[in-house]
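Take a look at the structure below.
The values are calculated or read from the model by the stated rules, or taken from the named source; none is laboratory data. In this text the structure is predicted, and so the values were computed from the model without any measurement. As a convention, Cβ positions derive from the backbone with ideal geometry for all residues, glycine included, and neighbour counts pool all protein chains shown. In case anyone asks, the SASA skips ligands and DNA or RNA and just uses the protein heavy atoms, side chains included. Shrake-Rupley method; radii C 1.70, N 1.55, O 1.52, S 1.80 Å.
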Amino acid sequence: MCPNCEHHFRMIWPECLPTHHHPCSKNKMKCPDCNEVTELYDFLIDRIMQAPDPCIPTVEVLSISPRDPNPDPYARSHYRQKVWACREARYRLTYRPVK
């Protein structure tokens, strides 16, 4: 899920994963809806092993960084906070009283 627009998509992994790929690697991807480039830890990405739904947009991984030796211990909560901050900003923009 993109933290900015909250649209869900499926990722297309490179044919050959780099040898430095690790759950603490960061994957850089570009959202197909809002075109925001996001970098997420691999362990934050849900893996659903089922037949892909053709109506879900796909996104390719732009780059995979080497393993982060000191990963953020609060990466999952920081990701959720970013999602909620973007959600609150959209809500305020939509429902803010007009002066």
Query raised in the report: Which of the residues that make up the stretch 13-27 are farther than 15 Å from Glu39 by Cα and either outside any loop (DSSP other than H, G, I, E, B) or hydrophobic (A, V, I, L, M, F, W, C) (or both)?
Result: Cys16, Leu17
Query raised in the report: When you scan the stretch 53-88, how many residues do you find that are part of a helix (DSSP H, G or I), open to solvent by 60 Å² or more (accessible area, probe 1.4 Å) and not basic (Lys, Arg)?
Result: 4
Report summary line: Counting only residues in the stretch 28-46 that are under 12 Å from Glu60 (Cα atoms) and either outside any strand (DSSP E or B) or free of Cβ contacts under 8 Å to residues at least 24 places away in the same chain (or both), the one least open to solvent (accessible area, probe 1.4 Å) is identified as Cys31
Requested in this report: Tally the residues that are modelled with pLDDT of 80 or more and of a type in the set (Phe, Trp, Tyr), restricting the search to the stretch 10-51.
Outcome: 1
Query raised in the report: So which residues in the stretch 66-99 are among the basic types (Lys, Arg) and closer than 16 Å to Glu6 by Cβ?
Result: Arg80, Lys82, Arg87, Arg90, Arg92
